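See below for the structure under consideration.
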Amino acid sequence: MTARIYIDEDSMDRVLVAALRARGVDVLTALEADMIERDDAEHLAFATSSKRVLLTCNTGDFCQLHQDWLTAEEVHSGIVCMQQQAQSTGPRLRRLLRLFSTIGAEEMQNRLEFLNNWSE
């Protein structure tokens, strides 16, 4: 897995973060980055400047931001949307690992993925 992940404040799940890190994934949370209470555009800009794929449960807002950035011909490092309470840590972890073993960091650029599409 070559992608580096930034998890926004709405999606920080310490169990998922620990599980990803235990598998060698480079994860940075909004709390660790001192990005709490920032707006969504700031989270996406931070993830992009840090060359990290943004992981979020805030699907509606980030789908719109994705479209806005594409319309403005801006480049982002990629967005992965997951449902807030739909899955436990195990399925989320397996889906993330499958996603990032299939799609490299470079391929994630300007891409919007839905974690549910990466079923087991």
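Bear in mind that the values in this text are calculations on the coordinates, not laboratory data. Fair warning: this is a prediction, and the values are worked out from it, not measured in the lab. With ideal geometry, Cβ positions are generated from the backbone for all residues, glycine too; neighbour counts draw on all protein chains shown.
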Worksheet item: Can you give the Rg to Rh ratio of the chain, both from alpha-carbon atoms, with Rh computed by the Kirkwood formula?
Response: 0.92
Item to complete: For every helix of n ≥ 4 consecutive DSSP H residues, a contribution of -39,500 (n - 2.57) applies; sum these over the chain, divide by its total residues, and give [θ] at 222 nm rounded to the nearest 500 deg cm²/dmol.
Response: -12000 deg cm²/dmol
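Write out the GluC sites (Glu not before Pro) in the range 23-62 meeting two conditions: DSSP loop, and at most 16 other Cβ atoms within 10 Å of their Cβ.
On the way: sites: E32, E37, E42; in loops: E32, E37.
Here the sparse-neighbourhood loop sites are E32, E37.
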Worksheet entry | Most fluctuating residue given options A19, A30, A47, as computed from a GNM of the chain linking Cα atoms under 10 Å | A19
Worksheet item: Given H placed on each backbone N at 1.01 Å, which residues far from S11 in sequence or on other chains put an amide H within less than 5 Å of it?
Response: C57
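Using 1/(1 + (r/R0)^6) with R0 = 22 angstrom and r between the beta carbons of D39 and T102, what's the FRET efficiency to the nearest 0.05?
Numbers: r = 31 Å, r/R0 = 1.40.
Computed FRET efficiency for D39 and T102 comes out at 0.10.
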Worksheet item: E74 to R23: extension gain in nm, 0.36 nm per residue of separation minus the Cα-Cα distance?
Response: 15.2 nm
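Sequence gap at least 6, Cα distance under 8 Å: using those rules, report the relative contact order of the chain to the nearest whole percent.
On the way: 184 pairs, mean separation 35.3, N = 120.
RCO, the chain: 29 percent.
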